[in-house]
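Colleague: Below you'll find the structure I mean.
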Amino acid sequence: MIVDIVTLFPEMFDGPLDESIVKRARQQGLVDIRLHDLREWTRDKHRKADDEMFGGGAGLVMKAEPLFHCHDELVARARAHSPQASKPLVVLTSPQGAKLEQAQARRMAAEVEHLIVVCGHYKGVDERFIDACVDRELSIGDYVLSGGELPAMVLVDALVRLLPGALGNAESADTDSLEDGLLEAPVYTRPAEFRGMAVPEVLLSGHHARIEAWRAAQRLERTRRKRPDLLEMKSRNEG
Ligand code: 9D3
C-alpha cells in the first residue's frame, strides 16, 4: 500500500508512524508512507496555504490552489509509475466525515492500493477542492480536535496493521475484539498473585475447554457491563 499524507504540519507525524507495528510494516515494505508539506505546493512568495473566509467569519480556510497542485502532482506521479493501477483514493480528514469504523478499515486495507490522505485544519478546506478531488471525508468521532493530523495517523494505523503480514503471531488480527462485536476477556500475566489479588483459578488450570468457556462468558458479561451499545448493534446486525 502507498499512503501519501498531505499536511500543514508534517513534523506531527514524526514518532507515531515510526514505532511498533507500523514501523515494522514500513521496514518490511508492506506500506510506503510519504509525507507532503502543503506549504511546498504554494506558489506565492509568502507561501500561504490558508486565508480568510469569504463572507466573513473567524478562522482561516485552507486554500484550494496548493491542495489542487499537490493532488494533481501525486495523481500524475502515480499514473506515471504504474499506468494500469487504479487511481488513488483521496480521503479528507474532517469533522464532517462519516465516522471511521473497523468494517470500513477492513475494506480499505483489502481494496485500496494507493491512499492520499489530506489533513484538514483550521475552519476547514475550500469546498472546491472537496468537490473536485475528495472521494471520502472521514472523522474519527464526535469531539473537536485542533486538526486532521491525529485522525490521519489513526486511519493509517488502523489500516496498516490489517495489511497481510503486518502482525506477528503474537498480535494476530483475526481474534480481535470488535470483529464479532464483543469485548475481549480479561487477561493476566505473572505473578499468579499480586498484592493479594489472585489470577482467576480457571486460567491456571490448564483445562483448555473450561478456559474457553470462561472466556466466552466473560466476554458477554463485560460487553453487557462496559459497552451495552455493542450488544444492541450485534443483535440488530444478526436479527
Ligand atoms: C466550528 C465548526 N467546527 C466544525 C465542527 C470547525 C472545525 C473544528 C475542528 C474544523 C476543523 C476542526 C479540526 N478537526 C479536524 O480537522 C478533524 C476531526 C475532529 O476534530 N474530530 C474528529 N475527527 C476529525 S477528522 C478531522
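Colleague: Run the simple label-point estimate for residue 171 and residue 237 please: 7 Å along Cα→C-beta, distance reported in nm.
Modeller: For residue 171 paired with residue 237, the spin-label model returns 2.3 nm.
Colleague: Using 0.36 nm per residue of separation minus the Cα-Cα distance, give me the extension gain between residue 47 and residue 221 in nm, one decimal. Can you show the working numbers first?
Modeller: Working: separation 174, 0.36 × 174 = 62.64 nm, distance 5.62 nm.
Going from the current span to full extension adds 57.0 nm.
Colleague: Taking only Cα atoms and a 10 Å spring cutoff, compute GNM fluctuations for the chain and point out the largest among 63, 87, 226.
Modeller: Among 63, 87, 226, the largest GNM mean-square fluctuation belongs to 226.
Colleague: Follow-up question, since we're still on this one. Roughly what angle does helix 208-226 make with the longest principal axis of the chain, taking Cα atoms, 0 to 90 degrees, to the nearest 10?
Modeller: 50
Colleague: With both partners inside the chain, how many of the DSSP beta bridges are antiparallel, as a percent to the nearest 5? Intermediate results must be reported in sequence, preceding the final value.
Modeller: On the way: 6 of 29 bridges.
Taking every DSSP beta bridge with both residues in the chain, the antiparallel ones total about 20 percent.
Colleague: Can you tell which of 107, 222, 161 shows the greatest fluctuation in a Gaussian network model of the chain with Cα springs below 10 Å?
Modeller: Ranking 107, 222, 161 by mean-square fluctuation puts 222 first.
Colleague: Hey, another quick one. With +1 assigned to the C-beta of every Lys and Arg and -1 to the C-beta of every Asp and Glu, and no other charges, what is the dipole magnitude of the chain about the Cα centre in debye, to the nearest 20? Each step should come with its number before you reach the end.
Modeller: Working: 32 positive and 39 negative charges, 103 e Å.
Dipole about the Cα centre, nearest 20: 500 debye.
Colleague: Continuing with the same structure: Using a 10 Å cut-off around each Cβ, can you sort 234, 45 from fewest to most neighbouring Cβ atoms? Kindly include the intermediate steps, with their values, before the conclusion.
Modeller: Values: 234 14, 45 6.
Ranked by crowding around the Cβ, least crowded first: 45, 234.
Colleague: Placing +1 at every Lys and Arg Cβ and -1 at every Asp and Glu Cβ, with all other atoms neutral, what dipole size does the range 82-151 have around its Cα centre, in debye to the nearest 20? Display every interim value, and only then the final one.
Modeller: Working: 7 positive and 10 negative charges, 20 e Å.
So the dipole magnitude of the range 82-151 works out to roughly 100 debye.
Colleague: What is the extension gain from residue 142 to residue 11, computed as 0.36 nm multiplied by their sequence separation minus the C-alpha to C-alpha distance, in nm to one decimal? It would help to have the intermediate numbers written out before the result.
Modeller: On the way: separation 131, 0.36 × 131 = 47.16 nm, distance 2.52 nm.
Result: 44.6 nm gained on full extension.
Colleague: Spelling out what I want: for every residue of the range 77-84, take phi, set θ = phi - 60°, compute 6.51 cos²θ - 1.76 cosθ + 1.60 (Karplus), and round to whole Hz; glycine and proline get x.
Modeller: 4, 5, 5, 5, 6, 9, x, 8
Colleague: Give the calculated FRET efficiency between residue 213 and residue 24 to the nearest 0.05, with a Förster radius of 35 Å applied to their Cβ-Cβ distance. Present the calculation step by step, with values, prior to reporting the outcome.
Modeller: Working: r = 35 Å, r/R0 = 0.99.
E between residue 213 and residue 24, to the nearest 0.05, is 0.50.
Colleague: Based solely on its DSSP helices, what 222 nm [θ] is calculated for the chain when runs of n ≥ 4 H residues each add -39,500 (n - 2.57) and the sum is averaged over all residues, nearest 500 deg cm²/dmol?
Modeller: Values: 8 runs with 89 residues, N = 239.
Helix-only estimate at 222 nm: -11500 deg cm²/dmol.
Colleague: If r is the Cβ-Cβ distance from residue 76 to residue 132 and R0 is 22 Å, what FRET efficiency results, to the nearest 0.05? Display every interim value, and only then the final one.
Modeller: On the way: r = 15 Å, r/R0 = 0.69.
FRET efficiency, residue 76 to residue 132: 0.90.
Colleague: Ok, one more. Taking the square root of 5 times each eigenvalue of the Cα gyration tensor, what semi-axes in Å does the equivalent ellipsoid of the chain have, largest first? Before the final figure, lay out each step's value.
Modeller: Working: eigenvalues 345, 85, 60 Å².
Sorted largest first and rounded, they come to 42, 21, 17 Å.
Colleague: Quick one: if you stick a label point 7 Å off each Cα along the C-beta vector at residue 205 and residue 184, how many nm between them?
Modeller: Inter-label distance under the simple model: 2.2 nm.
Read-outs throughout are calculated quantities, based only on the coordinates presented, and are distinct from any laboratory measurement. None of the values given here were measured: they were computed from a predicted structure. Cβ atoms come from the backbone with ideal geometry, glycine included; neighbour counts cover every protein chain shown.
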